[in-house]
Amino acid sequence: MAQITEAAHHEEEQNCTGIDNRKLLFWVFLSTDCLFFGALISTYMVYRGQSLVGPYPIDILDIPLTTISTFVLLCSSFAMVMALSATQKDDLKGIRIWLAATAVMGMVFIGFQIFEFWEFAHHGLLISTNLFGSTFFTLTGFHGAHVSLGIVWLWVLFILSFRGKVNSARVLDVEICGLYWHFVDIVWIVIFTLLYLVGGFDAGPVITG
Amino acid sequence: MSSGHGNEHSKHPSTKKYVIIAIILFVITAIEFLIILPESMQGSALAFGPLVLLSIAKFYIVIMFYMHLKFDNPLLTKIFYGGLALGTVVGIALIGLYAGLTGTPREYAEARAVPYEGYYAEKTNDSSAYAQSLIPTPAPMTESSNAADASTGSGDAAAGEAVFSGTLGCVGCHTMEDLPGAVGVLGPNLSQIGTVAGTRSALSAEEYIKESIDAPTAYVVEGYAPVMPELRSSMSDEEYEDLVAYLVSKK
């Protein structure tokens with residue numbers, strides 16, 4: 001018990017703002033990551049409809065399929081909050097189930113993305129094909145890299161749970177991982193809307209929506 | 001700022017609330033999908049507003065409840081909104097700056113972009129007018145024999161030269177040896193096109209030249225990329241006939 005209270009004490013390394021240092025730092029990071037994705041998304045929007053050769057978005061984007069993978073990512077965000085909730089309750093079984101569920105759903109999402117990239121390559125769209133290919137692969141590729149990092153992070157927490165290192169005294173470890181995971185989810189909400197639902201029907205230089 | 005740890009957690013939503021939030025997010029995504037399901041809404045300006053509003057709603061729900069900004073120290077919300085606002089404003093400024101370039105990049109793309117044929121070739125049952133326009137229509141036999149006899153057609157070759165060297169930009173990509181300035185190398189040399197054209201396919205010289213203008217990628221000479229833009233719609237019928245007559249005369 002003494003150990004746990006000591007750990008809890010370490011958790012709460014606060015500064016003059018009253019917020020834990022790690023949590024504050026992480027929110028600053030997420031804030032700057034908004035700029036990163038903001039730049040990539042604006043670049044996509046600037047170059048929309050300026051590809052000189054196909055395939056164009058309408059030729060290859062599979063919107064129903066991407067809607068399914070969007071659902072999967074939303075589901076994984078729910079699993080993530082459940083994992084945090086289980087951590088607060090010291091429900092070890094719940095922690096493992098929900099962490100694994102989150103990671104597996106993240107992997108399914110990445111699986112969809114690999115399939116999508118593969119299909120695009122077979123339709124002749126590579127990162128060097130046209131402006132659509134360059135901006136699309138750069139943006140969704142960096143998002144996929146974020147998701148992949150999150151998956152590794154989740155599995156690390158999953159393994160740590162077997163060493164008794166995931167519990168209510170160390171709830172911040174799970175909370176920060178969760179913040180990252182939800183951030184990746186909201187970035188996808190923006191990408192899905194702008195690239196697929198709004199810009200997914202662009203044909204050649206004719207932009208729509 | 002003395003909110004303790006336990007106290008803070010008790011403010012987090014309950015499991016039941018998390019489930020309700022998940023269902024709301026699901027429903028919003030389903031609505032978004034249904035909005036763009038009718039073909040008339042696909043890429044429609046009407047869909048843009050609702051789609052953006054719905055995704056902002058999802059965004060807000062996730063950061064407020066799943067990332068519990070609503071229950072956390074307000075400073076965190078300010079930090080996040082700061083980055084978000086900066087990213088958004090810079091993005092809008094960039095798009096505005098680009099759009100402000102008197103539309104030049106867009107016009108450039110509109111004049112030069114070529115249709116992607118692979119997709120339409122795959123969807124053979126796609127009977128849209130556009131797909132059909134890409135399939136060269138064989139001219140009736142009588143017309144073709146007429147055209148072969150009266151090789152000048154109805155156009156004026158001298159006027160056609162002006163079309164060729166004019167604003168369409170033909171000379172940028174095609175070489176014409178007796179025409180100063182026509183030294184482009186992106187497309188085939190057209191100095192003897194009146195002779196060569198009849199040998200390229202089953203079509204007569206005039207038909208072949210017309211096909212090459214109507215559907216530039218229907219037949220692509222070996223060694224060249226299928227990059228010629230569709231320019232038929234950029235010229236009048238008279239200019240078109242003149243241009244064809246000019247090219248046919250190049251023997």
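Laboratory data are not the source of any read-out in this text; all were calculated from the coordinates shown. This structure is a prediction, so every number in the text was calculated from the model and none was measured. Don't worry about glycine lacking a Cβ; one is built from the backbone with ideal geometry, like all the others, and counts go over all protein chains shown.
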Under the Karplus curve 6.51 cos²θ - 1.76 cosθ + 1.60, θ = phi - 60°, whole-Hz ³J(HN,Hα) for segment B:231-244, x wherever Gly or Pro sits:
10, 4, 6, 8, 10, 6, 4, 5, 4, 4, 4, 4, 4, 4
Once phi for every residue in segment B:171-188 is put through the Karplus expression 6.51 cos²θ - 1.76 cosθ + 1.60 (θ = phi - 60°), the whole-Hz ³J(HN,Hα) values, with Gly and Pro written as x, are 5, x, 10, 10, 8, 9, 4, 8, 10, x, x, 8, 10, x, 10, 5, x, x
Over chain A, calculate the relative contact order: mean separation of alpha carbon pairs under 8 Å at least 6 apart, over the residue count, as a percent.
34
If each of B:LYS16 and B:ALA99 carries a label point 7 Å out from its Cα toward its Cβ, how far apart are those two points in nm?
4.7
Assuming a ≥ b ≥ c are the square roots of the Cα gyration tensor eigenvalues, decide whether segment B:5-100 counts as rounded (a/c under 1.5), prolate (otherwise, with a/b larger than b/c) or oblate.
oblate
Net charge of Cβ neighbours under 14 Å - reference A:HIS143; Lys, Arg +1; Asp, Glu -1:
-3
Could you sort out which of A:LYS23/B:LYS70; A:LYS165/B:LYS16; A:LYS89/B:LYS58 sit more than 19 Å apart by Cα distance in this structure?
A:LYS165/B:LYS16; A:LYS89/B:LYS58
5 Å is the cut-off here: which amide hydrogens, built 1.01 Å from N in the peptide plane, fall below it relative to B:ASP156, excluding neighbours closer than 5 in sequence?
B:ASP242
Result row for chain A, helices from DSSP H with C-alpha axial extent 15 Å or more and mean Kyte hydropathy at least 1.6, is A:171-191
Name the long-range amide H neighbours of A:GLY204: under 5 Å, sequence gap of 5 or more, or other chain; modelled H, no Pro or chain starts.
A:TYR56, A:ILE58
Taking K and R as +1 and D and E as -1, what net charge do the other residues with C-beta under 13 Å from the C-beta of B:ASN189 add up to?
-1
Counting other C-beta atoms within 10 Å, and keeping those with at most 10, which DSSP coil GluC sites (Glu not before Pro) do you find in segment B:211-251?
B:GLU222
